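Here the structure comes first, spelled out in structure tokens, and everything after it is commentary.
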Protein chains: 2
Amino acid sequence: MSIKEQMVQMAKEAKSVSKVLANLSSKEKDEALQKMSSLIQENREKIKEENKKDVEKAKIKGLSSAFIDRLTLNEKRIQRLSFSLEEIAKLEDPIGKIKSMWKRPNGLLIGKLVVPLGVIGIIYESRPNVTVEAAGLCFKSGNAVILKGGSEAINSNIVLVDILRQALKDLNLPQNIIQLIRTTSREAVGELLKLNEYIDVIIPRGGESLIQAVTENSTIPVIKHYKGVCHTFVEKDADLKMAEEICFNAKVQRPGVCNAMETLLVDKKIAKQFLPKMVERFKQAGVEIRGDELAQSMVGGIKKATEQDWFREYLDLILSVKIVDGIEEAIYHINHYGSGHSDAIVTQNYDKARKFLQEVDSAAVYVNASTRFTDGGEFGLGAEIGISTQKLHARGPMGAAELTSYKFIILGEGQIRT
Amino acid sequence: MSIKEQMVQMAKEAKSVSKVLANLSSKEKDEALQKMSSLIQENREKIKEENKKDVEKAKIKGLSSAFIDRLTLNEKRIQRLSFSLEEIAKLEDPIGKIKSMWKRPNGLLIGKLVVPLGVIGIIYESRPNVTVEAAGLCFKSGNAVILKGGSEAINSNIVLVDILRQALKDLNLPQNIIQLIRTTSREAVGELLKLNEYIDVIIPRGGESLIQAVTENSTIPVIKHYKGVCHTFVEKDADLKMAEEICFNAKVQRPGVCNAMETLLVDKKIAKQFLPKMVERFKQAGVEIRGDELAQSMVGGIKKATEQDWFREYLDLILSVKIVDGIEEAIYHINHYGSGHSDAIVTQNYDKARKFLQEVDSAAVYVNASTRFTDGGEFGLGAEIGISTQKLHARGPMGAAELTSYKFIILGEGQIRT
């Protein structure tokens, strides 16, 4: 079979079994998630073995230690995968709810019934935990899933998906509810993106080139999970001690994730007071600072930031710093250079806080808190499939409820239109 | 300027002024809608004059009388356009609402704030009333709009959009909040569909070829408004008198619209009892019947339906009829041949009703009512931009509330992540 034929077959299968899945009860779904969780526990050694193959190849290829870290599945991480499926089982089932129902003057009862999207394709990079969490959330929300992970994690992904499918088989459910594209050929994704007859939505999670390739080639609707170029703006009326703690946390606590701060904006009026101490603390934590000329003139040891720096998602202990002339310039900078992910203002001024919330065009806009909170769990939504950076369908952290659609149900007693 | 440059300029302008529009108060928006409404009233003669040019060209081209009817703007229809803008002004403003807000254990207050999508592109065929209603709804929901109507309505569209823009100008609002692609070149749409940097969503309204061309070429997210191949299934436990009234209404009351019935499915067990009388009534109303062999054998004067007929949206006094062996076959037929628009069951049996509601995968699923009710106004949503036949973002009738997104706002008092 050609790659194209393989993809069509997978997509057709997914669509076909999605109808079975859509009609499972909450109890049946939760039992299957529990089963998946225990099979992952039972197969810890096998998972580690397969993961080791990927890790060794990555080392031979000379991939970065950060990359290898994200790729590695140790005992603790496998425990966490198993646990995350249990947590998903405990979440409320979004499917089958009536969101609202009303009566029309002619007596028709009209309601919005929550239904699965159908078939979801998820294309992501080399973190094998995404394989399990994405499959679990799609399953919970009644969607068949086709997974395409990074080629560097192929052995890990295969063993994990085989375990999830075994759980389905043990419970007499169709295994093709969860499918993995097992070829590492790039052609496969290209073919998949054209199958809008069978697949309802594509979720790409990754960097610029992945997102761009998917957006340009997909005839299926896409929900983008793009990079996080997150800002913190320390406004002139900020509590400077609070600002220092928030900025330090946003940059240093976990620099390799999308909700970490990449650019610090400081109001000119308090820059001399705030910046030297802040920069000193960052330097002690090993953060490299790149600043505009004004910042450079205020504090020593700051490299020159280029125009490109303002667009960068470092995912590392690097921070760009810009001194701005008030809130207008800060908002302009964020909307122009940011990625619409997470941005914060630190201020005690009510009007400025309100203006920032209103005018910053990002998925998550903060007052007086670290951008590091942008996360389905931290927001109280349960597990997340990722963080949408687009406006259509869902924006920000997406949980099981965001993987649904609805249909109108209309209950009559013989009404006709006149 | 090349067509490409023109499109980029329009899209950039739209994005730029969308920020002004997003921050207008409800009062300012409603005043502008009122102004648009009265300028349409005042310019009735001019509108009729320009519309006449389009109608005459269409007659010379020999376009169908149904087409010319949809194209024509008479006194009454212009009144209705003016009135529809007043109605939109009276709708609740969806923007700026907090959909929900909750407090996390760490004290963070998290809310979902409703915001406009940004810039919407609407591509539609030759009904000039869409120009006004779409512009009005986009404006109400805080979205800049780029309209591309059918080339046969170009003079009508130009005069209508000029009037709407005059209203914006009179109130010192940026005119480019409402833009019309004034060239009839097909290249323009092709270029527009690539401008995902500036445009947030494309809504194509029309037939198969339009929808397909947009889906295949757009790098911007699309909300499809596709055809309505609507079914009514007369189940064996139906009240047959009720079924007759519902079927007659669904087919005959206004056959040229997307929520009219195109296929009648009749349970084998009651077909002999129900069909002859029903067919007779349809024939008296001038409906041509195309049926499967079983239907042909039961009633005289039924043409043979081909496989293609089951997929057809006639938009005319033509009906295809199939005798089915129970609800399973009916549901299979609807999900296979239908377009996911509006489908009804007529039955007094509770279990069958419930099964039909659950398993028919359409935007609007009815029990004991005519499919003709699928409409924003009839559903109580106010005016509609159209009827989405896809699952992502919005499904079924879309009003102003469906033209919005949200952002998370997070109000802290110094919270950091540990």
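Just so you know, all these numbers are worked out from the coordinates, no wet-lab data involved. Predicted, not measured: the structure shown is a model, and the values here were computed from it. Methodologically, a virtual Cβ is constructed for each residue, glycine included, from the backbone with ideal geometry; neighbour enumeration extends over all protein chains shown.
Couplings for the range A:296-307, taken from phi via the Karplus curve 6.51 cos²θ - 1.76 cosθ + 1.60 with θ = phi - 60°, read 4, 6, 8, 10, x, x, 9, 6, 6, 7, 8, 3 Hz in order; Gly and Pro are left as x.
For chain A, the dipole from Cβ point charges (+1 on Lys and Arg, -1 on Asp and Glu) about the Cα centre works out to 540 debye, to the nearest 20. Which longest run of chain A has no exposed loop site in it, a site being GluC sites (Glu not before Pro) in a DSSP loop with at most 15 other beta carbons within 10 Å, and the site itself not part of the run? Maximal segment without exposed cleavage sites: A:198-418. Measuring against 29 Å, Cα to Cα, the residue pairs A:K76/A:K148; A:K19/B:K268; A:K194/B:K251 contain A:K194/B:K251 as the ones spanning a longer distance.
If you take the Cα centroid of the range A:244-266 and the Cα centroid of the range B:144-183, the two points sit 45 Å apart.
Within the range B:230-378, antiparallel bridges make up roughly 0 percent of the DSSP beta bridges whose residues both belong there.
Taking amide H as placed 1.01 Å from N in the peptide plane, B:K97 has its amide H under 5 Å from the amide H of B:V114, each at least 5 places away in sequence or on another chain. Our note on the geometry: Cα centres of the range A:78-128 and the range A:188-210, 21 Å apart. Using equal-weight Cα scatterers in the Debye expression, the normalised intensity of the protein assembly as shown in log10 at q = 0.07, 0.08 Å⁻¹ is -0.58, -0.76. Averaged over peptide B:352-361, the number of partner chain Cβ atoms lying within 10 Å of each residue's Cβ comes to 3. Mean per-residue shielding of peptide B:377-383 is 3, counting Cβ atoms of other chains within 10 Å of each Cβ. Straight-line reach from A:K59: taking Cα to Cα under 19 Å and skipping same-chain neighbours fewer than 8 places apart, the lysines in range are A:K48. Scaled to the globular estimate 2.2 N^0.38 Å, the Cα spread of the range A:340-418, given as radius of gyration, is 1.61. Helix content alone sets the calculated 222 nm mean residue ellipticity of the protein assembly as shown: runs of n ≥ 4 DSSP H residues at -39500 (n - 2.57) each, divided across all residues, give -14000 deg cm²/dmol. Applied to the range B:320-335, the Karplus parametrisation 6.51 cos²θ - 1.76 cosθ + 1.60 on θ = phi - 60° returns per-residue 3J(HN,Hα) values of 9, 10, 10, 8, 10, 9, x, 5, 4, 5, 4, 5, 4, 4, 5, 5 Hz, with x for Gly and Pro.
Ranking A:L168, A:L39, A:G111 by Cα position along the charge dipole of the protein assembly as shown, where only Lys, Arg, Asp and Glu carry charges on their C-beta atoms, puts A:G111 farthest toward the positive end. The mean sequence distance of close C-alpha pairs (under 8 Å, at least 6 residues apart), as a share of the length of chain B, puts its relative contact order at 18 percent. Both radii come from the Cα set of chain A: Rg as radius of gyration, Rh as Kirkwood radius; their ratio Rg/Rh reads 1.02. Shown here: the range B:65-169, whose C-alpha atoms stretch 66, 31, 24 Å along the first, second and third principal axes, sorted largest to smallest. Between amide H atoms placed 1.01 Å from N, distances below 5 Å from B:Y406 occur with B:V115, all of them 5 or more places distant or on a separate chain. Over all orientations, the range A:230-378 has a Cα convex hull whose mean projected area works out to 7.6 square nanometres. Computed from point charges on the beta carbon alone (+1 for Lys and Arg, -1 for Asp and Glu), the dipole magnitude for the range A:126-274 about its Cα centre is near 180 Debye. For A:G301, the label point sits 7 Å beyond Cα toward Cβ; its separations from the matching points on the remaining copies run 9.6 nm, from shortest to longest. Taking the centroid of alpha carbons for each part, the range B:352-418 and the range B:17-70 are 27 Å apart. Relative contact order of the range B:1-145, taken over Cα pairs closer than 8 Å and 6 or more residues apart, is 32 percent. Remark on B:V287: its backbone amide H falls under 5 Å from none of the residues 5 or more positions apart or on other chains, H modelled at 1.01 Å from N.
Of all chain A residues, the closest to the A-onto-B rotation axis by Cβ, with that distance in whole Å, is A:H393, 2.
Using the Karplus relation 6.51 cos²θ - 1.76 cosθ + 1.60 with θ = phi - 60°, the per-residue 3J(HN,Hα) values for the range B:165-175 come to 5, 4, 4, 4, 4, 4, 9, 6, 9, x, 5 Hz, with x marking Gly and Pro. If you take the square roots of the eigenvalues of the alpha-carbon gyration tensor of the range B:295-385 and sort them as a ≥ b ≥ c, do you get rounded (a/c under 1.5), prolate (a/b over b/c) or oblate? Oblate, because a/c is 1.5 or more while a/b does not exceed b/c. Projecting the Cα atoms of B:P397, B:G326, B:I409 onto the charge dipole of the range B:280-418, computed from C-beta unit charges around the Cα centre, puts B:I409 farthest toward the positive end.
Neighbouring Cβ atoms from other chains, within 10 Å of the Cβ of residues in B:384-394, number 4 on average. Placing a label point 7 Å from the Cα of B:K4 along the Cα-to-Cβ direction, the distances to the matching points in the other copies come to 2.8 nm, shortest first. Sparsely packed loop sites in the range A:10-74 (the trypsin sites (Lys or Arg not before Pro) outside DSSP H, G, I, E and B with at most 14 other Cβ atoms within 10 Å) comprise A:K61.
Distances between copies of A:S185, taken at a point 7 Å out from Cα along the Cα→Cβ vector and listed shortest first: 4.0 nm.
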